[in-house]
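Below you'll find the structure, written out as structure tokens, and then a few comments.
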Amino acid sequence: MKNANWIRVESLKNNCPLFRKQFSVKENLSKATLKISAKGVYEAHLNGNRVGDFILAPGFTSYDDRIQFQEYDVTALLCRENTLTVQVACGWYSGGIREWWGDNEGKISALIAELTVEYSDGTTDVYLTDTDWEASESGLTYCEIYNGFEYDARIEPQFDLKPTLDPNNDTSLLIPQIGEKVTAQERLYPREIIRTPKGETVLDFGQNMVGAVEFTVNATAGDRVSLSFGEILMDGNFYNDNYRVAKCKYEYTCREGLQTFMPTLTFYGFRYVRVNSYPGEILPENFCAVVVHSDLKRTGRIESSDPMLNQLYHNIIWGQKSNFLDIPTDCPQRDERMGWLGDAQVFVRTASYNYDVERFFDKWLGDMALNQYESGGVPGVVPYTKPTRISAAWADAIAICPWQMYLTYGNKDILENMFLPIKKWVDYVISTTTKENLWFGGDHYGDWLELKAPYGSYKGATRDDLIASAFHAHSTNILCKIGDILGKDVERYKEHYKKVRNAYIEEFKDNFKTQTEHILTLYFDLTDQKEAVAASLVQMIHDDGDKIQTGFVGTPYILHALSQNGYSELAYKLLLRKEYPSWFYPITKGATTMWEHWDGIMPDGRVWSTDMNSFNHYAYGSVGDWLYGAMAGIQTVEDHPGFEQVHFAPVATDEIDWFRAELDTKQGTIRSGWRHEDGKAVYEIETPVRSTAVIDGRKYDLEPGRYTF
Ligand code: BGC
């Protein structure tokens, strides 16, 4: 690709140029390969046939550092006379999403391509993007990530424009595809066509999701198809105020006759679609929601006799499908859709059990290392374009995510790649804290959305300095473990870790003000008085009415902190609670994905806010790892990562008749579950590797095989 040029069309203000190259091929063709990328997103067609199936290619990376290119074998698409067309649009490179960071100035979409045609006599023809290519305005008159698209099918491209060279014609930033491709994964048809009290026609696809709508219509030229997208209904009417400024336009002007269309250079998060305009009768068979996400292999499955629990697991899976679109995002619908580190950090373990996300995280962590500040600080969002807060629990993703990749998949490469960034991160905290051996000071997101938030704040009541110090201890500890695995000298950090732990105990004196303060202390092993701290947590939960009060930071660990300290019964009570606040409460309100807020829709049916109210935020789906790791008790063993050995510690509850989980690993499929027989829990385990187990307090060594206890 190094001889190809970045080309663009400056006169097209919509940033959606269509490029064309026509060429002839001789008879003795043996192979043709297209390497291609864009600043923005592209879709290529060769002689009218789609090249590849990657939606929103080339994907989202830290564009100032690296841009992926894709390579396609296009031999089968070639004729004697050929036309290659490539539609380019803003994607993540420019437009609203870049504007969010105030960094959209001068960002113009561009294309780069290299088509190599090989002949059986050993000769080759190479076609490189340059100013001889043709360009045109196309039917795609507007298209970007937050605001959707406008398409006029009557417009025939004229190819009357000449591209110019991108002044930043640097090809050294191009790298081969490293992440998973994004593809169309499922097709859902409307479950119901609703006539709302306001008189609107709304398609209910029955599932909150991410992708786009495909429609078919027999139209007269100039007819319009206009759709709007929403996640919930409000008083039975269409509602999407929570999308904030993201317009999510879907505006299509028809050509004459029968036509089918689906936008592929933008995406929408939705369950409900309001049909603003459609020529003809609105029939369910003419609309289809195409679910789009990274092409990940499903590895985990959970099933039980409890329909609410099954729905919770379903919502966790769909939260992941919706937010694993090339990068892990906070939410997929409003004017955000960013790679927020805190969200990914809390969900990473669940994510790595549900799906094989090794390659997916490898790419994102690579961008994280590139986006790390010179100081060692880590931004809140990756890929990022403008500096953000350096917050505990968000920035700590730089240590926690690679460590989890290692535990789940057992590959040391990610540790090698991330060792220095993690070390830089730990050093950053050491050099900027205002209190030695702890992390005091800084600007943090806190226990985001914790319920005891002071009025008007999202941050919660848990002390910043406590969260920051606890995560500093945790990241330092991870650094030490990684250092040992890689044979690096980390003695200094081991000493530091001891000092941090002692300083933490000294500073906070086992006197904690919120559930999360207890939870972090217990889960990160920052007390010598576990029993007392656990008892104090239990007391606080009782005082809070046996309700969860935690936000993003405390929620992933609350049930672990209870079950690891002998309070499984209370953990189950919190898990199975149906009233607000709880994991099941959103299900009683019809949730099909995880909500950002415990009370996204309040008990009285109102929304708590329009400002920060996503109904597809996977963070609280982090409870999934308690389902795998405590209910089924499938646990990784640090000395034998990648499930080369498993530790089973399942804990049944009388509240559920049966439960089972399965995990496909590199070693084979692990199964663990339980059912009740004659008033007693019967545990069933299947392990492909030598393992250990603790069942009802008794220890077992297991050879590969199936066991019933
Ligand atoms: C996002 C969160 C994110 C947070 C930072 C929000 O706007 O949606 O999920 O982690 O900002 O606190």
Review point. Loop-only check: which trypsin sites (Lys or Arg not before Pro) in region 275-348 are DSSP coil with at most 12 other Cβ within 10 angstrom?
Key: K297
Check your understanding: Working from the pairwise distances between different alpha carbons, so that the mean of 1/r is found and then inverted, what is region 606-709's Kirkwood radius in Å?
Key -> 15.1 Å
Check your understanding: Put +1 on the Cβ of each Lys and Arg and -1 on the Cβ of each Asp and Glu in the chain; which of V25, N411, G605 then has its Cα farthest toward the positive end of the dipole?
Key -> G605
Check your understanding: Charges only on Cβ, +1 for Lys and Arg, -1 for Asp and Glu: so what's the dipole of the chain about the Cα centre, in debye to the nearest 20?
Key -> 160 debye
Review point. If exposed GluC sites (Glu not before Pro) are those in a DSSP loop with at most 14 other Cβ within 10 Å, what is the longest stretch of the chain that has none?
Key: 106-255
Review point. Considering only the other residues whose Cβ falls under 15 Å of the Cβ of D152, what net charge follows from Lys and Arg at +1 and Asp and Glu at -1?
Key: -2
Study note, to complete from the structure: Candidate cut points under trypsin sites (Lys or Arg not before Pro) in region 1-35, DSSP loop plus at most 12 other Cβ atoms within 10 Å of their own Cβ, are K2, K13, K26
Revision key, fill the gap. Nearest 10, in degrees from 0 to 90: the angle of helix 307-323 to the longest Cα principal axis of the chain is 50 degrees
Practice item. Any chance you could list the semi-axes, whole Å, largest first, of the equivalent ellipsoid that the Cα gyration tensor gives for the chain, using √(5λ)? Key: 45, 30, 25
Review point. Based on Cβ point charges of +1 for Lys and Arg and -1 for Asp and Glu, what charge dipole magnitude is obtained for region 7-177 about its Cα centre, in debye rounded to the nearest 20?
Key: 160 debye
Check your understanding: If you line up the long axis of helix 491-508 against the longest principal axis of the chain, both from Cα atoms, how many degrees apart are they, to the nearest 10?
Key -> 60 degrees
Review point. Can you give the convex hull volume of the alpha carbon atoms of region 69-137 per residue, in Å³?
Key: 132 Å³
Exercise for review: Report, to the nearest 10°, how far helix 397-409 tilts away from the longest principal axis of the Cα atoms in the chain, using its own Cα long axis and a range of 0 to 90°.
Suggested key: 90 degrees
Study note, to complete from the structure: Here P(r) for region 7-177, Cα-Cα distances in 10 Å bins, as whole percents, is 10, 39, 36, 13, 2, 0
Exercise for review: Mind checking which aspartates and glutamates have their Cα closer than 15 Å to the Cα of K162? Skip sequence neighbours fewer than 8 apart in that chain.
Suggested key: E10, D130, D132, E134, E137
Review point. Among the lysines, which fall within straight-line cross-link reach of K424, defined as a Cα-Cα distance under 28 Å, with same-chain neighbours fewer than 8 residues apart omitted?
Key: K363, K386, K412, K435, K459, K481, K488, K494, K498, K499
Review point. So, in Å, what gap is there between the alpha-carbon centers of region 303-377 and region 403-466?
Key: 17 Å
Check your understanding: If contacts are Cα pairs under 8 angstrom and at least 6 residues apart, what is the relative contact order of the chain in percent?
Key -> 11 percent
Exercise for review: Please go through region 461-547 and write out the trypsin sites (Lys or Arg not before Pro) that DSSP classes as loop and that have at most 15 other C-beta atoms within 10 Å.
Suggested key: K509, K513
Revision key, fill the gap. Dipole check, region 183-294, charges on Cβ (K,R +1; D,E -1), about Cα centroid: among F287, V202, N240 the Cα furthest to the positive pole belongs to N240
Review point. Near the amide H of M338, under 5 Å away, which other amide H atoms are found, from residues 5 or more places off or on another chain, if H is placed in the peptide plane?
Key: D330, C331
**Study point:** Per residue Cα convex hull volume in Å³ - calculated over region 183-294
**Key:** 105 Å³
Exercise for review: Under 1.5 on a/c is rounded, so check that first for region 621-673, then, if it is not, pick prolate when a/b is larger than b/c and oblate when it is not; a ≥ b ≥ c are the square roots of the alpha carbon gyration tensor eigenvalues.
Suggested key: prolate
**Study point:** Karplus-derived 3J(HN,Hα), 6.51/-1.76/1.60, for each residue of region 684-698, Hz, glycine and proline x
**Key:** 10, 10, 10, 10, x, 9, 4, 9, 10, 8, 10, 10, 6, x, 9
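Please compute the net charge surrounding D132, taking Lys and Arg as +1 and Asp and Glu as -1 over other residues with Cβ under 15 Å from its Cβ. Show your work: numbers first, answer last.
On the way: positive: R8, R20, K21, K162; negative: E114, D125, D130, E134, D160.
Around D132, the charge tally is -1.
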Practice item. Can you bin region 652-709 into rounded, prolate or oblate? Criterion: square roots of the alpha carbon gyration tensor eigenvalues sorted a ≥ b ≥ c, rounded for a/c under 1.5, prolate for a/b above b/c, oblate for the rest. Key: oblate
**Study point:** Computed helical MRE - 222 nm, the chain, DSSP H runs ≥ 4 contributing -39500 (n - 2.57), nearest 500
**Key:** -7500 deg cm²/dmol
Practice item. Answer with one residue from I178, P190, P167: the one whose Cα lies farthest towards the positive end of the charge dipole of region 151-192, charges on Cβ with Lys, Arg +1 and Asp, Glu -1. Key: P190
Exercise for review: Could you please state, rounded to a whole Å, how far the C-alpha centre of region 272-297 is from the C-alpha centre of region 211-232?
Suggested key: 8 Å
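Every number in this text was worked out from the coordinates using simple rules, so none of it is lab data. All values reported here derive from a predicted model rather than from experimental measurement. Don't worry about glycine lacking a Cβ; one is built from the backbone with ideal geometry, like all the others, and counts go over all protein chains shown.
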